[in-house]
1. Of all accessible surface on chain B at a 1.4 Å probe, what whole percent is carbon and sulfur?
2. Let me check I've understood the local charge: for A:SER77, count other residues with C-beta under 9 angstrom from its C-beta, Lys and Arg +1, Asp and Glu -1. What total comes out?
3. Using θ = phi - 60° and the Karplus relation 6.51 cos²θ - 1.76 cosθ + 1.60, list the HN-Hα couplings for region A:108-121 in order, rounded to whole Hz, with x at every Gly or Pro.
4. Amide H neighbours of C:THR95 under 5 Å, at least 5 residues apart or on other chains, H built in the peptide plane: list them.
5. Using the beta-carbon distance between B:LYS225 and B:GLN189 and R0 = 51 Å, what value does 1/(1 + (r/R0)^6) give for FRET efficiency, to the nearest 0.05?
6. Taking the alpha carbon gyration tensor of chain A, what are the square roots of 5 times its eigenvalues, largest first, to the nearest whole Å?
7. What are the semi-axes of the equivalent ellipsoid of region C:3-122, taken as the square roots of 5 times the eigenvalues of the Cα gyration tensor, listed largest first and rounded to whole Å?
8. To the nearest 10 Å², what's C:HIS29's accessible area with a 1.4 Å probe?
Amino acid sequence: MSYFKELWDGIRTTAQGLRLTGGYLTKKGVYTIQYPEETLPIDKVTHRGIHEYDVDRCISCENCAKACPVDCIYIESAPDEKGKPSKGKAAIMTRFDIDYSKCLFCGLCVPPCPSECIQLGERYSLPGHTRDDMVVHFHEGGYPIQEKTEHAKSMIAEFRTENLYEKKRKERADRGIPTLRPAE
Amino acid sequence: MSATHPGSGGYIVPTRDVASEELVLNMGPQHPATHGVLRVAVKTDGEVVLDCEPMVGNIHRCKEKIAENVTYVQFMPYTDRLDYLAAMNNEECYARAAEKLLGLKLPERIEYLRVIFAEAGRISSHLMSIGTYGLDVGAITPFLYCFREREEANHLFEKISGGRMLYHYMRIGGVARDPDDAWIQRLLQFLDQVEEKMDEYNTLMTWNKLFQERTMNIGVLSREKALAFGITGPALRASGIDWDCRRDDPYGIYDRFKWEVPVADGKHGTLGDCWNRHYIRALEMKQSISIVRQAIDKMPKANPDELPPPESPHKPFLAKGVPRSLQAPKGAEVYVRSENPRGELAFYMVSDGGKSPYRVKVRGPSFCNIALLPEVTRGYLLSDLVAIIGSIDIVLGEVDR
Amino acid sequence: MTVTEIGALLKERFGEKILEVVDDERHGHVRVAADAWVAVATFLRDDPRTRMEMCHDVTAVDWIEHFDVVVHLYSLAKKHKVALKTKTPSRDDATCPSLTGVWPAADWHERETWDLMGVRFTGHPDLRRILLPEDWEGHPLRKDEGNPLEYHGIPGIAAIRGAEERLREEELAKKKQRAGGHPGPHPAVGSHPTDGVTPGVKP
Ligand code: SF4
Ligand code: SF4
């Protein structure tokens with residue numbers, strides 16, 4: 001007898017489940033999206049994707065490289081008159097590479113930056129065939145920054161009044177370092 | 001001469017009439033039912049498991065060595081990658097361990113945020129384990145339904161922390177960002193949604209006869225064995241032991257909330273079987289929902305004297321007086337544990353006065369729980385092995401560290 | 001019971017085998033002589049006043065001259081906890097009696113400690129490597145253990161670092177040769193179907 005009871009229990013509970021899933025046939029609402037034609041909305045302020053970086057405002061202080069747990073930021077700047085790597089507002093970056101085969105996207109490099117010229121952006125796709133493809137050379141333009149903070153905006157204004165953008169761009173052109181950033 | 005093995009569902013397993021031979025089978029490390037890269041060497045006789053040995057270490061990354069080479073703050077993102085399905089809970093435990101070592105005091109609001117996020121992380125993690133457990137025993141629909149809810153949790157966490165899986169939200173002495181009211185409202189909606197859908201999962205899985213046949217009386221873990229093997233979390237409570245370190249050894253502010261610790265009573269199935277482990281998880285989610293609601297109700301506003309708003313959206317939301325460069329006193333040691341979705345995670349940290357810890361030991365709950373696999377699988381059928389591994393609910397990132 | 005009370009209980013029973021009782025709010029522990037290690041553990045498990053049913057964790061700390069083996073114990077019935085510590089005789093003779101006979105839970109923890117720290121637990125039934133492969137040499141969590149250069153043809157991190165720097169220099173030299181021309185964006189930019197798609201917007 002218990003055989004039939006168990007059989008009946010199986011049929012009954014399965015029918016309950018089927019009723020539930022069947023109910024979704026008529027319910028409205030989409031839960032899947034067709035990637036890559038459609039993508040999920042991304043929060044522009046908080047999303048931790050590939051970095052955005054402003055090569056002109058960077059003062060080559062290396063705070064970001066020191067804060068990075070995996071040491072995946074490589075920084076070099078052109079020598080100044082004394083032959084030492086240039087620092088401060090006049091710094092000319094000759095190398096600012098981030099190795100994304102190592103990066104954790106943790107965001108620890110963002111808060112220590114005094115000029116707020118590095119932040120995590122909204123891009124997330126960086127396919128490549130070799131390890132070298134994973135290294136992004138930000139000093140060549142890389143991904144320009146989208147300003148998010150008041151402090152950054154005020155710094156830009158300061159840079160403009162001192163005409164530093166023009167100066168740096170000219171100097172970089174003289175040294176043969178390309179810039180992707182369009183002239184303002 | 002024949003014998004009935006426990007869990008063979010009454011099937012007669014011949015032992016003498018038919019010549020049979022022992023066979024060593026290799027399951028994994030690429031087997032989808034091993035929840036990662038677990039390799040199990042199974043000694044079988046026909047379909048019956050005689051013995052098995054889990055072989056771990058395939059994704060060993062020597063996190064403990066890394067911790068000795070990075071600073072306290074820099075180790076935080078690595079803790080996400082221990083139990084990657086419950087990253088919030090790992091971070092919370094590590095943050096508390098580091099704060100205790102460094103002697104930091106937390107403002108009220110941060111304490112409440114810790115509870116809210118840890119419990120929301122538990123809900124999201126249990127959604128995953130319930131869903132994939134369905135997949136293990138052959139039910140695909142609950143998996144899709146659970147992921148629908150988990151997706152919303154991912155959205156919520158992404159909005160606040162920037163990451164969908166590896167959040168890096170908790171910081172030593174604070175959190176990454178203070179949630180606004182809109183976010184809290186959305187979290188409450190998410191809780192309502194999960195609470196409503198819980199019945200669906202129970203209809204589809206817990207009370208389904210076919211599911212019960214696959215999981216009831218399978219992989220029975222007795223009280224004594226559970227204790228002796230140091231099992232923690234839902235697996236311990238499914239064996240009928242009333243222990244939850246959130247309630248019995250409260251850390252943080254857990255003593256301010258009222259909730260019930262679900263403990264299996266053996267009304268359905270056998271105490272300590274797969275079904276009970278699954279059901280305890282389902283019940284725990286309900287309790288977590290209640291804790292989050294209580295915490296949101298009681299959470300105070302930030303007091304700018306002890307918890308100043310960050311200067312820019314890039315900066316973390318930290319308590320006042322958290323030094324930028326953290327250094328623990330020489331010779332200080334802590335052992336801090338917390339109730340993770342999979343059991344008790346603990347950090348043992350020793351400092352030598354430097355900027356990085358001298359020694360960090362991670363006691364992963366999955367590591368201890370998987371050690372018992374041979375004990376619970378002996379005598380069951382090979383197909384039950386999958387059900388048992390799924391019900392113990394391990395995450396290999398934490399087993400291998 | 002507090003750690004002090006447990007320490008007093010143990011002192012009464014084991015006398016001078018109990019070397020030190022530290023009731024620190026961070027980490028209360030009892031330091032035990034190695035020859036009484038198993039006896040103290042068995043006593044703590046079986047005595048009705050302590051009833052330490054759960055061996056939470058076994059680990060070791062490298063203090064250069066010696067290793068400290070640390071065990072964290074919890075009692076679910078009595079809701080108290082204590083940590084036990086013991087020293088290995090020396091760095092070269094890193095041995096400690098095994099607790100597997102007292103708590104089966106210690107089995108994997110001790111294997112892990114042997115694997116990563118190189119503390120040999122005498123009396124352990126099956127002391128093999130657990131996380132690292134069988135043919136691995138050395139114990140990585142020891143303080144003097146460096147990064148391996150190579151393992152079965154897989155270069156270690158130290159070797160990769162050197163190679164990376166070399167590649168990088170070659171690349172820079174190549175770039176300098178490419179005079180004048182604009183190198184264009186990074187090769188990865190624009191090579192994926194989603195690149196250039198604004199997230200969240202259907203094209
Ligand atoms: S996100 Fe983290 S890992 Fe990546 S570059 Fe910044 S600090 Fe380094
Ligand atoms: S911290 Fe900012 S300014 Fe300093 S080197 Fe890094 S990006 Fe440049």
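The values are calculated or read from the model by the stated rules, or taken from the named source; none is laboratory data. From a predicted model like this one, the values you see are computed outputs, not experimental measurements. Here the Cβ positions follow ideal geometry from the backbone for every residue, glycine too, while neighbour counts run over all protein chains shown. When the accessible area is computed, the model is the full protein with side chains, heavy atoms only, and any ligands, DNA or RNA have been set aside. Shrake-Rupley method; radii C 1.70, N 1.55, O 1.52, S 1.80 Å.
1. Numbers: 7270 of 13910 Å².
Summing carbon and sulfur atoms, their accessible area is 52 percent of the total for chain B.
2. Working: positive: A:LYS87, A:ARG95; negative: A:GLU76, A:ASP80.
With Lys, Arg at +1 and Asp, Glu at -1, the neighbours total 0.
3. 6, 7, 7, x, x, 5, x, 9, 6, 9, 10, 7, 8, x
4. Under 5 Å from the amide H of C:THR95 lie the amide H atoms of C:SER90, C:ARG120, each far enough along the sequence or on another chain.
5. Working: r = 42 Å, r/R0 = 0.82.
About 0.75, to the nearest 0.05.
6. Details: eigenvalues 571, 66, 44 Å².
Semi-axis lengths for chain A are 53, 18, 15 Å.
7. Values: eigenvalues 96, 50, 33 Å².
Gyration-tensor ellipsoid for region C:3-122: 22, 16, 13 Å.
8. Accessible area of C:HIS29: about 20 Å².
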